[in-house]
């Protein structure tokens, strides 16, 4: 919420007669790699992940690479072909886990979750097809914050957690289409990619894609 307040303050001086604001919802997707968790669990067990132990055990791993994305934005339409825009982006939460289960004994699990949010400042170009319909392309800078939690739970149910955070900036770009319902309301469908989100050493790093539908109100 603090980020959204800062964003509104930065753009309030330009969002006047040709200004707009809006909200978007959609699906996000990241490249979630389970390898680090598998290797970490193997190190905890003292053998490489997947090694047969002869006890009827079951090694397994899983990941959740998609989530729900939210965009809150304000902008200024300079002319029919160009606008500047600032957005608060919540890219949702992604997760992965690795486990070892031994019948009659229990399960060791190593699980990680990643949550990413940030501010995106971009330039949008429009190619009108009709008076109401346009194609669009965008490019910008994404100022991201990433929070991760790593949790180990052992056979007897005891657990320990490690939390890491990182901040940075990276390139964002995308494309889509806009339809003007009337003079004050529009709808946009967009694909946007946020590149290199996260820190490789602390939180892990991935491109994150957002496919969204956005409702726009002009003022």
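Quick note: the coordinates plus some simple rules give every number you see, no bench work behind them. As the structure is a prediction and not an experimental result, all values here were calculated from the model.
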(message) With a cut-off of 8 Å between alpha carbons and a minimum separation of six or more residues, what is the relative contact order of the range 24-94 in percent?
(response) 36 percent
(message) Could you tell me how far the Cα centroid of the range 94-119 sits from the Cα centroid of the range 128-176, in Å?
(response) 19 Å
(request) Round to the nearest 10 and give me the degree value, 0 to 90, for the angle of helix 2-11's Cα axis relative to the longest principal axis of the chain. (result) 20 degrees
(request) Could you tell me which label, among [x] -0.57, -1.08; [y] -0.25, -1.18; [z] -0.38, -1.08, carries the value of log10 I(q)/I(0) by the Debye sum over Cα atoms at q = 0.08, 0.17 Å⁻¹ calculated for this structure? (result) [z]
(message) Rounded, prolate or oblate, given the Cα gyration tensor of the range 31-91, with a/c below 1.5 counting as rounded?
(response) prolate
(message) Please compute the contact order of the chain in relative form: average sequence separation of alpha-carbon pairs under 8 Å and at least six residues apart, divided by the residue count, as a percent.
(response) 21 percent
(request) Quick one: grab the alpha carbon gyration tensor of the range 103-204, order the square roots of its eigenvalues as a ≥ b ≥ c, and give me rounded if a/c is under 1.5, else prolate or oblate depending on whether a/b is larger than b/c. (result) prolate
(request) Tell me what the chain gives for mean residue ellipticity at 222 nm when only DSSP H runs of n ≥ 4 count, each as -39,500 (n - 2.57), the sum divided by the residue total, rounded to 500 deg cm²/dmol. (result) -3000 deg cm²/dmol
(request) Quick one: angle between helix 35-45 and the longest Cα principal axis of the chain, in degrees between 0 and 90, rounded to 10, please. (result) 20 degrees
(request) For the range 153-219, just say rounded, prolate or oblate: build the C-alpha gyration tensor, square-root its eigenvalues into a ≥ b ≥ c, call rounded for a/c under 1.5, and beyond that prolate if a/b exceeds b/c, oblate if not. (result) prolate
